Amino acid sequence: MSRIRLSGLRKTYGDTVAVDGIDLDVADGEFLVLLGPSGCGKSTLLRMVAGLIEPTDGRVLVDDADVTAVPPRDRDLAMVFQSYALYPHLTVASNLGFPLRVRGERRAVVREKVAAVAAELGLTELLRRRPKELSGGQRQRVALGRALVREPGAFLMDEPLSNLDAKLRTSTRAGLSALHRRLRATVLYVTHDQVEAMTMADRVALLDGGRLVQVGTPAEVYDAPATTFVAGFLGSPPMNLLDVDAVVGPHGVRARAVGLDLSLPDAGPGPVPDAGSSRALVLGVRPEHLVVRAPDAPDAVLRGRVSAVENLGSEELARCVLGADGGPEVTVRGPRPLGVVPGREVGLAVDPARVHLFDPDSGRRLERRPGAVSPAPSSPAVEPALDDRPLARSLP
Amino acid sequence: MTLLVEVPPPAPAPAAEVPPARRSAGRRLVGAAAPYLYLAPALALLVVWTYRPLLQAVQLSTLSWNLLPTSPATPVGAANFREVLTAPELGDAVGVTALFIVGLLPFTIVLPVVIALSARRVRGRARTLYQALVFAPMLVAPVASAAIWQWLLDPGSGAVNRVLGLQVNWLADPTAAQVAIIVVTGWHVLGFATLIVSAGLGGTDDEYAAAASVDGARPRQITWRITLPLLSPTLVFLTLMTILLSAQWSFPLVDTLTQGGPGDATTSIYYLLWEYGFRSFDAGHGAAAGLVFFVVFLAVAWVLVTLSDRLSFHDD
C-alpha cells in the first residue's frame, strides 16, 4: 500500500479558488476522510490526486514519487465514484475485469481475480448482469470490486455511500471499515457526512472554502475543534456558539452575554473576579454538555426560556432562548425526558472544562493556559509544508 | 395476577361527511379527449401527407394509367409488381443505391466520429463557430450547390481537376460520376451527421471516461472500449438514416448533375421511381416500385430500430 502526500495543492478556475494550497500526508494504511460541506473543494482535491483534474499549483506524491504530471492510469490508484460510473454496456464480470483487461492481463488471470473479488463481495450470482439490472447496493459493491480487483496502491473514494438509503449506508459503512482493517489499505475518502467521517476515519481532514481547517483523529476534531467552522460543522446538532464579552484576568476568564454569566477559573471552583482586560470572545458549548437546572439554581450560568422540545426517541433536544425574548438561542441535548416544558423558564449548567473559546475575528480556537499573559494560538491546523521535511529519496 | 392486554390497532378515521367532488360528464369527456386533441394536428398532417398517399399508391399500383385525367385507368392486378420486380433496371438501380449507401457511410459515420471526437476540446464561442462551419453545407439548397459543383467538376476548367492535377471527365464517365455524386452528397450531409455525433457524445457521461482512465485505460482504449460503445445507438441511428435516405439525399444532385447517367450509372431507386412516374408517366409501375421499396425499407428500419434499442444503455 502507498503513502500519499499533497504539497501546496491548489486549483483555481478563473478568479474562483476551488482548492487553496493543501498540504496533507496520508500514511500507508491510513483511512483519511476529507470532510466538508458541498462546494468546499473536497471532490476537486480528490480528482487532483486521481489525476483527473490538473492542479494549478502544487504537487502530488505517491510513495515519494512525484506523480503530479503522471496520467491517472500510471498512478496506481483506484477510485470509487459517487455515481459508481459502472460501464453500462458491460456486464458485472466485464466491469470488474476492465482494469485488468486494459492493462493487458491474460484472460485466465482476469477470470480468476474477478471470481475472487465477486465471491468476496457477494457478486458471484450477478456476474452476467448489466449495471441497469442491479440495485443501488449491488452497484456500489461492483464499483468497489472494480477498485479492489487490481490491488492498487491506494483507494480514492468520492462519497461512495451517498446514493444508498440510510439502512444500507450503515451496513456498508461497517463493511468498508472491516475491509480497510483486513487489507490495511490506504484510503482517501471524501464525504460531507460527518457520521461516515467519525465512524470510519483514522484521521479526519476538514475543508472549508478550499482550505484545510483541521486534521486530526475523530476524537480530536470533535473534542477540540480548531475553528468555529469545525465546531459548527461537527455534531448533530452542532456546537452552540455565543458571542460574549469577556474579562481575561489573572485567575481566569469571566464571560458575560444576555442570559449568561460564566466563570472559567484557572484553578478550583468559584466565580472569577471581574478584573483584567476586556475582549470579545466566541464561546462554544456542545448541546450534550449543557445540563438542565432550575431557573434559580446557583450553578445555572445560563438562563432563558424553552422555546421548543424535539423528541429524538432516545434523547430530547430543547431549544432555549437566553435572557429576554430575542436573545441568542442554545440547544440542549440529553436523555429523554429532559424535564423541560416549552414556554417555561430554565437554567442551564455547564462544566467549565467543556467550554470552548474562539477568537471572534479569526474564528480560531483559543486555549486557556493558566499563568500565561494572553492565550497563544492553538496547535497548527495545517501540516508543515512538504519542503520543510526530509524526503526518503530525492524527487525527479 | 398480571393481566396482559393487547394494544388495539389505530382506529380508522371517521368517514368524511363532505360528499366527494364529482366532475360533470362534459368536463370528464374533455379531460379524456385532451391528449388526442393535442395529437390531432400532427395526426392530421400524417394522414394527409403520408397515409393517404400511401393508400393511393396501393390503389395506383394495380392500375395501368398514364396520369392524364382524360385517359382511362385500367385495372391490371398484380401485373405491375411482376414487371417491376423482373425489370433489369430495378436490379441496376438497387445496385447503384447500395453503392451510394456504402459510399456515404464514411461521410455519415466515420468522418463525423473522427471530427466530433477531435473537436471535443473546442469550447465556448469557438465551438459555435466550428459547428456553424460544419453545418453550413446542409443549409445550401442542393440544386444551388449542384450548379456550383457542376462548375467545379468541369473537365476543362473546373477547380477539382486543376487542384488534383487530373484529366477526369467527372460527370460523363460512369465510375467518376458515381464518385462525384457520392462525394458531393457526402459533403452535404457531413455537417448534419457530425452534429448528431457531437450531440451523442455530449449525452454520454464524462464520468465513464474518467473512471476508465483511473482504471488504467489509455486514451485509445477509452475511445474504443468506452466512448464508441456508448455512442453505438447514435451510430445505428445514423446508419439507419444513411440506408433509408442515401437515395433521397443524392436525388437533387443526380437530377441536376447527371440525370441518372451516364447510362444508368447514377440511377438510384428513387430516381428510377421518379423516371417511371414523371418521365414515362407510368403511374402504375411507379406506384408498384414505390410500394416495393416501402416494404423493404420498413423491414430494414425495423431491424435497425430493434438493434438500436438493444444497444441503448440506460444507466439511471
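Only the coordinates and a few stated rules stand behind these numbers; no lab work does. On a predicted model such as this, the values are computed, not experimentally measured, just so you know. Neighbour counts are summed over all protein chains in view; Cβ atoms, including those assigned to glycine, are modelled from backbone coordinates with ideal geometry.
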Next on the checklist: Taking a cut-off of 23 Å, what percent of all Cα-Cα pairs in segment B:13-100 are separated by more than that?
Outcome noted: 63
Checklist outcome for this item: Most exposed first, judged by fewest Cβ atoms within 10 angstrom, A:Asp359, B:Asp215 run A:Asp359, B:Asp215
Next on the checklist: Give me, ordered by chain and number, the residues 5 or more places off A:Ala308 or on other chains with an amide H under 5 Å from its own placed amide H.
Outcome noted: A:Arg319
Checklist entry - Please state the Cα pair-distance histogram of segment A:240-366 with 10 angstrom bins from zero: what percent is in each bin? => result 14, 44, 32, 10, 1
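What do you get when you divide the Cα radius of gyration of segment A:4-233 by 2.2 N^0.38 Å, with N the number of residues?
On the way: Rg = 17.6 Å, N = 230, 2.2 N^0.38 = 17.4 Å.
Dividing the Cα Rg of segment A:4-233 by 2.2 N^0.38 Å gives 1.01.
Could you work out the local net charge near A:Arg203, counting Lys and Arg as +1, Asp and Glu as -1, over the other residues with Cβ closer than 10 Å to its Cβ? Walk me through the intermediate numbers first.
On the way: positive: none; negative: A:Asp25, A:Glu30, A:Asp202, A:Glu220.
Its environment carries a net charge of -4.
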Checklist outcome for this item: Toy charge model, Lys and Arg Cβ at +1, Asp and Glu Cβ at -1: the protein assembly as shown dipole around Cα centroid in debye, rounded to 20, equals 980
Item to check | D_trans [Stokes-Einstein, Kirkwood Rh over alpha-carbon pairs] for segment B:156-205, 25 °C, 0.890 mPa s, µm² s⁻¹ | outcome: 188
Checklist entry - Relative to the first principal axis of the alpha-carbon coordinates of chain B, what is the inclination of helix B:269-278, with its axis defined by its Cα atoms, in degrees from 0 to 90 and to the nearest 10? => result 70
Item to check | Dipole of chain A, positive direction: furthest Cα of A:Leu179, A:Gly36, A:Val213, with charges on the beta-carbon | outcome: A:Leu179
Next on the checklist: Past the 17 angstrom mark, what percentage of all C-alpha to C-alpha distances in segment A:24-110 do you count?
Outcome noted: 61
Item to check | P(r) weight above 31 Å for segment B:84-311, C-alpha pairs, percent | outcome: 32
Checklist outcome for this item: Residue span B:Glu207 to B:Ala147: 0.36 nm per residue of separation minus Cα-Cα distance leaves a gain in nm of 16.9 nm
Item to check | Two-site FRET efficiency, B:Arg27 against A:Ser314, from Cβ-Cβ distance with R₀ of 51 Å, rounded to 0.05 | outcome: 0.45
Item to check | segment B:198-246 and segment B:1-70: distance between their alpha carbon centers, rounded to Å | outcome: 38
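Restricting to DSSP H runs of at least four residues, report the calculated mean residue ellipticity at 222 nm for chain A, -39500 (n - 2.57) per run over all residues, nearest 500 deg cm²/dmol.
It comes out at -6500 deg cm²/dmol, rounded to the nearest 500.
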Next on the checklist: Please list, in order along segment A:282-289, the HN-Hα scalar couplings obtained from phi with the Karplus expression 6.51 cos²θ - 1.76 cosθ + 1.60 (θ = phi - 60°), rounded to whole Hz, x for Gly and Pro.
Outcome noted: 9, 10, x, 9, 5, x, 6, 9
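What is the order of B:Ile222, A:Ile4, fewest Cβ neighbours within 10 Å to most? Working shown, then result.
Working: B:Ile222 20, A:Ile4 25.
Listed from fewest to most nearby Cβ atoms, that is B:Ile222, A:Ile4.
Given an 8 Å cut-off on Cα distances and at least 6 residues of separation, report the relative contact order of chain A as a percent. Walk me through the numbers on the way to the answer.
Details: 855 pairs, mean separation 61.7, N = 396.
Relative contact order, chain A: 16 percent.
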Checklist entry - Got a sec? Which residues in segment A:20-36 would a label at A:Thr217 touch, if it sits 7 Å along Cα→Cβ and we count backbone N under 14 Å? => result A:31
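What size of dipole, in debye to the nearest 20, comes out for segment B:5-111 about its Cα centre when the only charges are +1 on Lys and Arg C-beta atoms and -1 on Asp and Glu C-beta atoms? Present the calculation step by step, with values, prior to reporting the outcome.
Numbers: 6 positive and 5 negative charges, 109 e Å.
With only Lys, Arg, Asp and Glu charged at Cβ, the dipole is about 520 debye.
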Item to check | Cα centroid separation, segment A:1-77 to segment A:246-294 (Å) | outcome: 42
Item to check | Listed residues B:Ala57, B:Ala180, B:Ala217, most fluctuating in chain B (Gaussian network, C-alpha, under 10 Å) | outcome: B:Ala217
Next on the checklist: Could you tell me the relative contact order of segment A:47-120? Use alpha-carbon pairs under 8 Å, at least six residues apart, and round to a whole percent.
Outcome noted: 19
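Would you mind telling me the antiparallel percentage of the DSSP bridges in the protein assembly as shown, rounded to 5? Mind showing how you got there, number by number?
On the way: 72 of 89 bridges.
For the protein assembly as shown, the DSSP antiparallel bridge percentage is about 80.
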Next on the checklist: Contact order normalised by length for segment A:240-366, with contacts defined as Cα pairs under 8 Å and 6 or more residues apart; what percent is it?
Outcome noted: 26
Checklist entry - From the backbone phi of segment A:338-350, what are the Karplus-calculated ³J(HN,Hα) couplings (6.51 cos²θ - 1.76 cosθ + 1.60, θ = phi - 60°) in whole Hz, Gly and Pro given as x? => result 6, x, 10, 10, x, x, 8, 6, 9, x, 10, 10, 8
Checklist entry - Based on the Kirkwood radius over alpha-carbon pairs, what value in µm²/s does the Stokes-Einstein equation return for the translational diffusion coefficient of segment A:132-248 at 25 °C and 0.890 mPa s? => result 152
Checklist outcome for this item: For segment A:312-317, in residue order, the Karplus 3J(HN,Hα) values (coefficients 6.51, -1.76, 1.60; θ = phi - 60°; whole Hz; Gly and Pro = x) are 9, x, 7, 10, 10, 10
Checklist entry - For the protein assembly as shown, what is the Kirkwood estimate of the hydrodynamic radius, computed as the reciprocal of the mean inverse distance between distinct Cα atoms, to one decimal in Å? => result 33.0
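In what sequence do B:Trp149, B:Trp65 fall when counting other Cβ within 10 Å, fewest first? Before the final figure, lay out each step's value.
Numbers: B:Trp149 24, B:Trp65 18.
Going from least to most buried by this count: B:Trp65, B:Trp149.
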